[in-house]
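Okay, structure first, notes after.
The values are calculated or read from the model by the stated rules, or taken from the named source; none is laboratory data. Quick caveat: nothing in here was measured; it's all calculated off a predicted structure. Positions of Cβ are backbone-derived with ideal geometry, glycine not excepted, and every protein chain shown enters the neighbour counts. Ligands, DNA and RNA are stripped out before the accessible areas are found, and what is left, the full protein with its side chains, is counted by its heavy atoms. Shrake-Rupley method; radii C 1.70, N 1.55, O 1.52, S 1.80 Å.
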Amino acid sequence: MLLSPAILALIGVSAVVTALLLLASVFAVRVLRHWDIRSGSELQLRLERSTYLISTLVTFAIAAEVVALLLFVYNAEGMHTQFVGAMCATGVLNVNAWGWPALLLKIAVFFAGSVWLLLNRLDNQGYDYPLIRLKYGLLLVLLPLVATAAVVQLQYFLNLNPDVITSCCGSLFSPDAQGVAAEVSSVTPRTAMLALYGSGALVFASGAIYLWRRRLATLFAASAAVAFPIAIVAIVSCVALYVYEHPHHHCPFCILKSGHDYIGYWLYLPLFTATALALGVGALAPWRHIESLRTAVAADARRYAAIALAGFVLFYAVATWAIVRSNLTMAGTWW
Amino acid sequence: MIRLNDISKAFNQGQPNEFWAVRDVTLDIEDNRITVLRGPSGSGKTTLLSMIGCLSRPTSGRILLGERNLSGLPERFLTQIRRETFGFIFQRFNLIAGLTVLDNVMLPAYPLAPDHGALVQRATALLEQFGMGSKVASKVEWLSGGEAQRTAICRALLNDPQILIADEPTANLDTRLSQEFMTIIGELKAAGRTLILTSHDPVVSDAPCVDRVITLRDGQVQAD
Amino acid sequence: MSHFLRRQRYLIDFTLASLGRRKGKNLGLLGVYTLIVFLLASVMLFSQSLRREAGLLLENAPEVVVQRMVAGRHDLIPAAYLERIGKVRGVAAKYGRLWGYFYDPAVQANYTLLVPRDQEIKSGEMIVGAGIARTRGLGAGDYLTFRSAQGQSFAFRVADVLASDAELVSADLLLVNEADYRAFFGIAEGMYTDLALEVRNPQEVRKVAEKLSVMLPDTRPILREEILRTYDALFQWRQGIVFVLLAGSLLAFVIFAWDKASGLSAEEKREIGILKAIGWETADVIRMKFWEGALVSLGAFLLGYLAAYVHVFFFDAALFAPVLKGWAVLYPQFRPQPFVDGLQVATLFFFTVFPYTVATVVPIWRAATTDPDAVMR
Ligand SMILES: Nc1ncnc2c1ncn2[C@@H]1O[C@H](COP(=O)(O)OP(=O)(O)OP(=O)(O)O)[C@@H](O)[C@H]1O
Ligand SMILES: [Mg+2]
């Protein structure tokens, strides 16, 4: 194992976040068992107060996870000098089988946590807390997810063996390699572009319908859920090539570097935010019939949908711009 | 109109020292009236008042504010109603030391986040109306009792509440200041507000502007 | 949105005023907090810059070095091996190197003697590193006498002193010409300390090394990337160790923060009660307290990081250098190039602000959920 401050920090943060959620879950279970909104008893009063603690704990935990996600990628980037064959974060994540799962789980925690927070925010606006059982039930699902992410990450760091010769973007994403990464990058730019803009059109259409008619929120969320992985695949198999101006460089991380104008942040930040909010719209909309939530759903979901759409617009615009301004021409040779 | 229906409040419920401070109180408090709660020490005046003012919740019973049922509302929403509907004047004034008179008066509006300029203007106008114009920038710990009282009144009025609640407002004032206070109360009623006070002080309960005196004993309403 | 921002501004306004009202307590907290940030940031900045400096130095080193091993020990390598290597694909240049160590009893220090490839030095002259020049009080034109391997005295005239920009590694350097070197150490013509191979394409380095170990079974190829990696791991590891050692003080700090946050004075409790009674919601109080923590953290972080920055880059890390650098007599005067790095700041954040916030969450919640009717009692 490698003992560096960043790794210590990541392991520590995951452990503490899991502990905080565990604490929140203990309170949540108590609420689930004894909640009675009509009662004026002191127990009910205490339970109501514990909802503030739960909200605060989860908000803080998710915020920490977001920063930790960044640190995780930075750290992988910073460690590439320590592994033979690693040219960037991709190679470091490849050192053992836990690397990619750790990253994906961290992303899953981000989305699950964000949706939970949006739901919590909604419920707090209903004077009878109509979703309280649902949301605390979901919290009990979030906890194992966070714990799993922490364990997988710990495994990844414990099994970081500097003697392993790893494979980086060049070989990992090469057509004759095997595995998910190879398959992702072997998607031809043509297919990737079609899927990218196709799913983008679906997102815009369903989002616009939701904003105008207040219908099909689930479709909007679903299309965002589809558009997100497609966008990631398209970045790896196509957009990145244009950014690097190199027909075989498929790295999803190097675009975060200063050498490429930090364009990665302009792609990922809007994409992640927009997807989280669109999922939130899908989670909020079904509750618009609850009397005490009606106005809150209307206001919140509308705002989230608007911001999500703006985020998607930004993402697709930046991706298109990256392709257009590039000196790499693949249209002739590839399709 | 505030309607109390069989209101009871228990402390330390379920424990050996369980104590019912208010028991089965049913009351109607009319708009634009001055109502005084009276009774011996420990009779539950403050407890009842804090339930009326949404500072705490009854253990059982219903409170209706106009059409709206307040019992069963979580603290979060009680607070929202409270800051729109009620203004509070406390016995010990409860000003925050170290802040200026103006800052103290503006505090209740912070969570509502109005425009800052407008807020300063509103607070200053209120303070001038109560003859505190020259003290706007002084720290509250240097105020005299009467001045502190008037600052507290301004603070209670800042969010323009319909109902003003005062718990033992004259306990720290001499007779002259108490009478002055009751004059202000009368003026507020004339301006259309509802006032609910508790007091031992005959200056309060015997004041001509008072419409109704309710006597409590052992947590129960005695008679009008 | 502007409503949201305005509300935060009101909360920050109030928080600043309330921090100001309890100067003593908050300055104490700020001081301890700043000290923690300062300690950790100093360690990080310092070892990071050592690592960078080493990397910069190795930038100009050859990609592959071939050492001859005799009975498991590093030995001199005959020049004939250069011919035996012949033409290997990817090798741009190959040459023998002469270097070694010399112990100077006068100052009880080890010097590194080296024959430079691209620099002509006259017989009887040498160029010295800044560290040697400092400890022995030398300048250009001075003479320095050493006893050679055969016991004779050799007097060298100092022709020049090396510039001190990358002093960490050149401090103990002595440059002499080949003939003087061979005479001084008694090394026969046709023998070298090791061989250096330059390989331009990094992809080919491993292939070259593999071929070498087949061709010259009694040698050991050392790759530059391997050295860099070892350096990296070593510095990371040292840093990690220091952090683990500092865990104690971190824990003390967390307990201190917890104590400060939960031990509210009666005055503060009353204040929160008043706020709640006049219409602040529990969430507003939590937000206000959050801003309090954020402002203190931000202040401590900036102050501590700035102090560490000055400490490392302008005062040569005077407090830690003896522990982290490792060699003492020819103490290099180390002026690393200042830099700020995102990974580092994020890590530091998790070692300071994160534990502070965790320690204060529950106490803040406790304080914020006081009964709003408490002030009526
Ligand atoms: N938090 C509490 N826990 C336990 N008992 C309480 C609590 N608050 C009030 N009590 C009890 O409830 C009773 C009523 O108190 P309350 O403050 O309403 O009386 P009061 O009529 O306002 O008296 P006073 O005229 O002295 O102000 C008292 O006996 C008091 O001890
Ligand atoms: Mg009382």
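Criterion applied to B:GLU128, B:GLU75 was being within 14 Å of chain C (Cβ to nearest Cβ), away from ligand 1 (no atom under 15 Å from the Cβ) and free of Cβ contacts under 8 Å to residues at least 24 places away in the same chain, and the one residue passing it is B:GLU75.
Counted as qualifying within region C:1-118 are the helices (runs of 4 or more DSSP H) with 1 or more residues that are away from every other protein chain (no Cβ under 13 Å) and open to solvent by less than 40 Å² (accessible area, probe 1.4 Å), namely C:23-58, C:80-85.
Cβ separations smaller than 9 Å between residues 6+ apart or across chains give the following pairs from region A:1-22 residues that are within 8 Å of chain C (Cβ to nearest Cβ) to residues that are open to solvent by less than 40 Å² (accessible area, probe 1.4 Å) and not in a helix (DSSP H, G or I): A:LEU2/A:LEU160; A:ILE7/A:LEU160. Of all residues in region A:48-83, which are more than 9 Å from chain C (Cβ to nearest Cβ) and in contact with a Phe, Trp or Tyr (Cβ under 8 Å, 6 or more places away or on another chain)? Selection gives A:THR51, A:ILE54, A:VAL58, A:ILE62, A:GLU65, A:VAL66, A:LEU69, A:VAL73, A:ALA76. Scan region B:78-107 for residues that are within 16 Å of ligand 2 (Cβ to nearest atom), within 8 Å of chain C (Cβ to nearest Cβ) and among the hydrophobic types (A, V, I, L, M, F, W, C) and the total you get is 2.
Name the strands (runs of 3 or more DSSP E) wholly within region B:147-224 that hold at least 2 residues that are within 14 Å of chain C (Cβ to nearest Cβ) and within 16 Å of ligand 1 (Cβ to nearest atom)? First the steps, then the outcome.
Numbers: elements: B:163-167, B:194-198, B:212-217.
Filter on region B:147-224 gives B:163-167, B:194-198.
The lone criterion from (1) out of contact with any helix residue (DSSP H, G or I) (no Cβ under 6 Å at 6 or more places or on another chain); (2) open to solvent by less than 20 Å² (accessible area, probe 1.4 Å); (3) within 26 Å of B:GLU84 (Cβ to Cβ) left unmet by B:ALA125 is number (2).
Taking C:ALA155 as the residue in question, decide whether it is over 31 Å from the mean Cα position of the chain (by Cα) and in a strand (DSSP E or B).
Values: over 31 Å from the mean Cα position of the chain (by Cα): yes; in a strand (DSSP E or B): yes.
Spelling it out, C:ALA155 is indeed over 31 Å from the mean Cα position of the chain (by Cα) and in a strand (DSSP E or B).
Selection over region A:243-255 of residues that are outside any loop (DSSP other than H, G, I, E, B) and surrounded by 22 or more Cβ atoms within 10 Å (Cβ to Cβ) gives a count of 2. For region B:1-57, a residue qualifies if it is near ligand 1 (Cβ under 7 Å from one of its atoms) and part of a strand (DSSP E or B), and the qualifying residues are B:PHE11, B:PHE19, B:ALA21. Checking region B:112-124 against the condition returns no match, with no residue being over 20 Å from C:GLY279 (Cα atoms) and either under 18 Å from the mean Cα position of the chain (by Cα) or in a loop (DSSP other than H, G, I, E, B) (or both). A Cβ distance below 7 Å, combined with a sequence gap of six or more or placement on separate chains, defines the contacts here; from region C:257-273, residues that are within 14 Å of chain B (Cβ to nearest Cβ) reach residues that are in a loop (DSSP other than H, G, I, E, B) in the pairs C:LYS269/C:THR370; C:GLU271/B:ILE96; C:ILE272/C:THR370; C:GLY273/C:THR370. Being touching a Ser or Thr at 6+ places or on another chain (Cβ under 7 Å) and within 13 Å of chain C (Cβ to nearest Cβ) is the requirement here; does B:ARG57 meet it? Against the criterion (touching a Ser or Thr at 6+ places or on another chain (Cβ under 7 Å) and within 13 Å of chain C (Cβ to nearest Cβ)), B:ARG57 qualifies.
For B:ASN69, the conditions (1) within 16 Å of ligand 2 (Cβ to nearest atom); (2) without any contact (Cβ under 8 Å) to a residue 12 or more places away in the chain all hold with the exception of (1). Here region B:165-191 is the region considered, the condition is being more than 15 Å from B:VAL210 (Cβ to Cβ) and open to solvent by 30 Å² or more (accessible area, probe 1.4 Å), and the residue that is farthest from ligand 2 (Cβ to nearest atom) is B:ALA191.
Among the residues of region C:262-283, just one is surrounded by fewer than 22 Cβ atoms within 10 Å (Cβ to Cβ) and touching a Pro at 6+ places or on another chain (Cβ under 6 Å), namely C:SER262. Say whether the condition of being within 14 Å of another protein chain (Cβ to nearest Cβ) and assigned to a loop (DSSP other than H, G, I, E, B) is met by at least one residue in region C:216-237. The answer is no; no qualifying residue exists.
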